1. Under 12 Å Cα to Cα from K151, which aspartates and glutamates show up? Leave out anything in the same chain fewer than 8 places away.
2. Nearest 0.05, what FRET efficiency do R110 and T209 give at R0 = 30 Å with Cβ-Cβ as r?
3. Excluding residues fewer than 8 places away in the same chain, name every one of the aspartates and glutamates whose C-alpha is closer than 17 Å to that of K238.
4. Which order, highest average first, do 219-231, 62-74, 158-170 follow once you tally other Cβ atoms within 10 Å for each residue and take the mean per peptide?
5. At 20 Å minimum axial length over the Cα atoms and a Kyte-Doolittle cut of 0.0, report the qualifying DSSP H helices in the chain, or say none.
6. Placing unit charges on C-beta atoms (Lys and Arg positive, Asp and Glu negative, everything else neutral), compute the dipole magnitude of segment 7-214 about its Cα centre in debye, rounded to 20.
7. Distance between Cα centroids, segment 214-233 to segment 26-79: provide it in whole Å.
8. Out of all DSSP beta bridges with both ends in segment 99-242, state the antiparallel percent to the nearest 5.
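Values in this text are rule-based calculations from the coordinates and carry no lab data. The model shown is predicted, which means the values in this text are computed figures rather than measured ones. Positions of Cβ are backbone-derived with ideal geometry, glycine not excepted, and every protein chain shown enters the neighbour counts.
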Amino acid sequence: MTPTESLSDILEAVRDVPGWMTDEQARRLWAAAAQVPEGGRIVEIGSFRGRSLIVLAKAAGSLAELVSIDPHAGTDRGPLGAAGQGATAVADHAAYRENLERAGVLDQVRHVRAFSSDALEEVTQPIDLLYIDGAHQRRAALADIEHWGAKVREGGTMLIHDSFSSVGVTTAIATSLLYSRTWRYQGRSGSLAEYRRVPTSTRDARRSTAEQLAALPWFLRNVGVKVLQAVRLGRWTKVLGHEGSHPPF
C-alpha cells in the first residue's frame with residue numbers, strides 16, 4: 001500500500017502531539033504500515049494522545065482496518081509510569097480524538113476503549129501489523145506479546161516500544177522472544193524493536209538471539225540513566241550520553 005503523504009509531512013502533522021516517539025521510530029512505523037496490504041489489519045495497543053496512531057493511519061491509508069486499544073484510564077503514562085485518574089483520563093481521551101480529527105484520520109480508526117487484556121475478543125481476524133506500547137510492567141507486557149502476538153498472521157510484523165529500555169518490557173522480551181523459533185528479530189530504532197513472524201531455522205534463531213543480546217549494553221545504559229533521574233542526579237546522565245530530562249526511549 002502506498003502512503004498518500006510523505007513521511008516529512010506526517011512528522012510535521014504530529015510535531016505538537018504529545019507522546020514518546022522519535023522521528024526515527026516514526027520512520028520505522030511508517031515503513032511497516034505502508035507494507036500492510038489492502039484490506040489488512042493494524043492494531044495498536046496504547047495510543048495515548050494519538051501521536052504514533054496518526055503515523056500508522058497516514059501510512060496505511062483508508063483501505064486497511066486500524067484498531068486502537070487504549071482504556072484512557074489515566075494510568076501508566078509513558079516511560080515514567082506516572083498514574084492518574086479522573087480528569088487525566090478525560091483529558092487524554094478528548095485530546096486523542098481532537099488530534100486524530102485534526103489529522104483527518106478519526107474516521108479511519110476503531111477505538112476500543114478497554115485494557116488490552118479485556119479487548120482480545122474485539123479483534124477476531126489475523127493481524128498484519130501489531131504495535132505494542134501499552135503497560136510497561138513485565139506481566140502486562142508479556143501478556144500483550146503472547147496473547148496479541150498469537151493473532152499476528154505468518155509473515156506479519158510486531159513492533160514493541162520501550163524494548164531494551166523499560167525493565168518490565170525488556171524482561172518480557174527476554175522471556176518470550178529472545179530464543180523464539182516463531183519470531184525473528186529485525187532490528188530497532190532506539191527502543192522500538194521490530195519482529196517478523198516467520199518459521200525460523202536454528203541458525204537464524206541463534207542470529208536473532210545474538211542480535212538482541214547486542215542491545216544489552218544500551219539497555220544497561222538506559223537503566224543507569226533512569227536511576228540517576230530517579231535520585232535527582234539527572235545532570236550526570238550526560239556522562240552516559242543522554243541529553244535532556246526525559247527518560248531514554
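1. Within the straight-line limit of under 12 Å, K151 reaches these aspartates and glutamates: E121, E122, D128.
2. Working: r = 36 Å, r/R0 = 1.20.
With R0 = 30 Å, the Cβ-Cβ based efficiency is 0.25.
3. Hits, sequence-local ones excluded: zero.
4. Working: 219-231: 16.8, 62-74: 19.7, 158-170: 25.3.
Per-residue mean Cβ counts within 10 Å order the peptides as 158-170, 62-74, 219-231.
5. On the way: long enough: 87-103 (24 Å, -0.55); 216-230 (21 Å, 0.69).
Qualifying helices: 216-230.
6. Working: 24 positive and 26 negative charges, 139 e Å.
That gives segment 7-214 a dipole magnitude of about 660 debye.
7. 28 Å
8. Values: 10 of 15 bridges.
Given both bridge residues lie in segment 99-242, the antiparallel proportion sits at roughly 65 percent.
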